Amino acid sequence: MISDFILFLFIVVLILVFIYRYYTVNARCEEVGQELSWHTFWNKPELYEMITSPDRGTPSERYLVSNLLASGFKPTAIYHDLMVDTGNDKTAQIDIVVATDAGLIVIEVKDFTGWIFGKGNQDYWTQVSGYGKYRNRFYNPFKQNEGHIKALRRLSPQMATLPMYSLVVFAGDCELKDVNFIPHDCYLSTFYWSIKAVYDIIEGHPSAQFTDRWEVANLLKAAVERGGNTFLQEQHIYDIHDMLGTNRKYN
């Protein structure tokens, strides 16, 4: 009888802990803009707040940041919404950079629905949705991320030689229908497999030869701070419209 009572008491306490944890974590998640999920249930929202905020990036980017935290990465290894000069009076906006023993993993997150078609050596890929009724061409995300990596390499002599790996993550209800000829040191993933892709990149490469880890961390922190600069954000958007010519189109 005593053992049954102890077991009953243990179950009651466990349920109360879960209820308390749910309400306290959910309230904190709402404060910092983090989505409450099973991955984040036991993860401290304060750690998430060290990396990003509700007004930075897209929901898919922030959810991936949350999953990276939940999978074991320290907040000091994850950098979200970076802005880096490209050297031609333009800027590059980078979604996520993960600093690992193997080097830097530069992540581009795409929110798409439908089927995705493309080749690594093509300038443009195609999105097909609405049962084939709608087609949308978009710039090759590997080429886009290649520009991001080039911008990062300009930051210092150490960054110029540091191993960097490009990971393109497709979020949303989409299917990578026919995507091939993926370049060397480039990786493609749906959102579901994104964490596994990150760990496979780390496990599949030797340790990088960092000459100064603090320098890398400080450069990435500075890029995150620039990413939160409203003027630079507006300038970056203007540069994109100028490149596409949408600001010179009237219809």
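The values are calculated or read from the model by the stated rules, or taken from the named source; none is laboratory data. Note that the structure is a prediction, hence the values are computed from the model and not measured. Here Cβ is always computed from backbone atoms with ideal geometry, including for glycine, and neighbour counts include all displayed protein chains. What goes into the accessible areas is simple: the full protein's heavy atoms, side chains included, and nothing from ligands, DNA or RNA. Shrake-Rupley method; radii C 1.70, N 1.55, O 1.52, S 1.80 Å.
Carbon and sulfur atoms: what percent of the 1.4 Å accessible area of the stretch 117-164 do they account for?
Carbon plus sulfur share of accessible area: 49 percent.
Using only the alpha carbon atoms of the stretch 66-138, find the Kirkwood hydrodynamic radius as the inverse mean reciprocal pair distance, in angstroms to one decimal.
15.1
For LEU162, what charge total do you get from the other residues with a beta carbon under 14 Å from its beta carbon, if Lys and Arg give +1 and Asp and Glu give -1?
0
Stick to Cα atoms and the Kirkwood definition of Rh, then tell me Rg/Rh for the stretch 89-176.
The Rg/Rh ratio comes out at 1.05.
Kindly flag which residue pairs out of LYS74/LYS143; LYS119/LYS143; LYS110/LYS221; LYS74/LYS196; LYS90/LYS150 have an alpha-carbon separation exceeding 18 Å in this structure.
LYS74/LYS143; LYS110/LYS221
Quickly work out the THR190-to-ARG137 label distance, labels modelled 7 Å from Cα along the C-beta direction, and quote it in nm with one decimal.
Calculated label separation equals 2.7 nm.
Give the calculated FRET efficiency between SER129 and TYR199 to the nearest 0.05, with a Förster radius of 35 Å applied to their Cβ-Cβ distance.
Using R0 = 35 Å, I get an efficiency of 0.65.
Using 0.36 nm per residue of separation minus the Cα-Cα distance, give me the extension gain between THR86 and ASP173 in nm, one decimal.
Using 0.36 nm per residue and subtracting the Cα-Cα distance, I get 28.1 nm.
With every protein chain present, what accessible area does GLU108 have (1.4 Å probe, heavy atoms only), rounded to the nearest 10 Å²?
10
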